[in-house]
Amino acid sequence: YEALMNDLESFKKKYRIIDDILNLREIARLLYLNFYVIATTAFAFDSDIDTVAKMNVEKLRKRYPDGFSSERSMHRDEESK
C-alpha cells in the first residue's frame, strides 16, 4: 500500500495531476468498471476472464519477445499486431 501511494504521488508530481482527479477511490471504480466490461465481453463470447487474460499474455509475449517498451509499442509493425 505504501509503495502504491508513493508511486501515485510521484505520478501526480510528474504529470502535475490535480489530487481530486487521481484518487484511490476513482482508480478502484475505474478498475472495477474495466474488469466488469472485460468479464461481460468474455461471457458474451462464451469464454471466461482467465482464458482472455492468458490469450492476451501469449499475444504480448509474441509481440514483445524482448520485453515491453513504450517506445516500441508506439512504433510497431502492422503485421505484429
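Every condition in (1) modelled with pLDDT under 85; (2) assigned to a helix (DSSP H, G or I) is met by I18 except one, and the failing one is (2). A Cβ distance below 6 Å, combined with a sequence gap of six or more or placement on separate chains, defines the contacts here; from segment 41-66, residues that are free of Cβ contacts under 8 Å to residues at least 12 places away in the same chain reach residues that are of a type in the set (A, V, I, L, M) and surrounded by 11 or more Cβ atoms within 10 Å (Cβ to Cβ) in the pairs A42/I49; A42/V52; D48/A42.
The values are calculated or read from the model by the stated rules, or taken from the named source; none is laboratory data. As the structure is a computational prediction, the values presented were derived from the model and not from experiment. Counting neighbours? That spans all protein chains shown, and the Cβs are built from the backbone with ideal geometry, glycine included.
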